[in-house]
1. Residues that are at pLDDT below 90, of a type in the set (Asp, Glu) and out of contact with any Asp or Glu (no Cβ under 7 Å at 6 or more places or on another chain): does the stretch 105-113 have at least one?
2. I need every pair where a residue in the stretch 112-123 that is in contact (Cβ under 8 Å) with a residue 24 or more places away in the chain and among the hydrophobic types (A, V, I, L, M, F, W, C) has its Cβ under 8 Å from the Cβ of a residue that is open to solvent by 50 Å² or more (accessible area, probe 1.4 Å) and assigned to a loop (DSSP other than H, G, I, E, B), sequence separation at least 6 or different chains.
3. Among Val51, Val67, Val45, which is more than 30 Å from Arg112 (Cβ to Cβ) and in contact (Cβ under 8 Å) with a residue 60 or more places away in the chain?
4. If Thr44 satisfies all but one of (1) at pLDDT below 95; (2) more than 27 Å from His101 (Cα to Cα); (3) of a type in the set (Ser, Thr, Tyr), what's the number of the condition it fails?
5. Only residues in the stretch 7-25 that are in contact (Cβ under 8 Å) with a residue 24 or more places away in the chain and over 20 Å from Leu144 (Cβ atoms) count as the first member; pair them with residues that are open to solvent by less than 60 Å² (accessible area, probe 1.4 Å) and among the aliphatic types (A, V, I, L, M), Cβ under 6 angstrom, at least 6 apart or cross-chain, and list the lot.
6. Can you confirm whether Val68 is farther than 23 Å from Val6 by Cβ, open to solvent by less than 60 Å² (accessible area, probe 1.4 Å) and in a strand (DSSP E or B)?
7. Identify, please: which residue in the stretch 71-84 is in a loop (DSSP other than H, G, I, E, B) and closer than 13 Å to Thr11 by Cα and is, among those, farthest from the chain's Cα centre (by Cα)?
8. Of the residues Ala87, Ala60, Ala151, Ala137, which is part of a loop (DSSP other than H, G, I, E, B) and either surrounded by 18 or more Cβ atoms within 10 Å (Cβ to Cβ) or in contact with an Asp or Glu (Cβ under 6 Å, 6 or more places away or on another chain) (or both)?
Amino acid sequence: MSALHVTILSTGEELVGGETPDTNACFLARELTAHGFRVRRIVTVGDDGAVLQEELLRAAADCELIVVSGGLGPTADDRTRKAIAGAAGRELVPDRESLEHVRRIMESHGHRMSGAPAGQAYFPEGSEIFANPRGTARGFSCPLGKATVVAMPGV
């Protein structure tokens, strides 16, 4: 069986603006290669949801795995989950366990739950959600055509 082709897609204005080095992409490429995957490309985009969705569709056309880093947080510029849902033609739906996870962390820091952090508990319908013991943003995987998208918090 041949190696699965992978696109690594990093997102964030801090990356394209040169404010923050993208150490995640380098780490991911090294680990994926060591585990027998073939990294076809590494792409970095800003926080424009339309551009992110376009890159997701491009990657899905010639890769079996798309690994996305970034854009899962609570701020208005975190558009990854919406872009993945749009590209996959799926609705964003709430996950009760993730909502409770975000609420617990917010309250442990003396904050009340509000609309922005609660958005981190929404995922494209049918996603597999991954635990995150270090923060509020949980990762997930979602089918996109013949590919699988795996999205994780960023830098």
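1. Kept after step one, since they are at pLDDT below 90, are these residues of the stretch 105-113: 105-113.
Checking which are of a type in the set (Asp, Glu) leaves us with 107.
Still in the running and out of contact with any Asp or Glu (no Cβ under 7 Å at 6 or more places or on another chain): 107.
Yes, the stretch 105-113 contains a residue that is at pLDDT below 90, of a type in the set (Asp, Glu) and out of contact with any Asp or Glu (no Cβ under 7 Å at 6 or more places or on another chain).
2. Listed pairs, sorted by first residue: Ala116/Pro74; Ala116/Thr75; Ala116/Ala76.
3. Val67
4. Here Thr44 meets the rest and fails (1).
5. Asp22/Leu15
6. No.
7. Per the criteria, the residue is Asp77.
8. Values: Ala87 fails: part of a loop (DSSP other than H, G, I, E, B); Ala60 fails: part of a loop (DSSP other than H, G, I, E, B); Ala151 fails: part of a loop (DSSP other than H, G, I, E, B).
Answer to the selection: Ala137.
The values are calculated or read from the model by the stated rules, or taken from the named source; none is laboratory data. What you see is a predicted model; the values in this text were computed from it and never measured. FYI the Cβ positions are ideal-geometry reconstructions off the backbone, even for glycines, and counts take in every protein chain you see. For the accessible areas, the whole protein counts, side chains as well, though only heavy atoms, and no ligand, DNA or RNA atoms are used. Shrake-Rupley method; radii C 1.70, N 1.55, O 1.52, S 1.80 Å.
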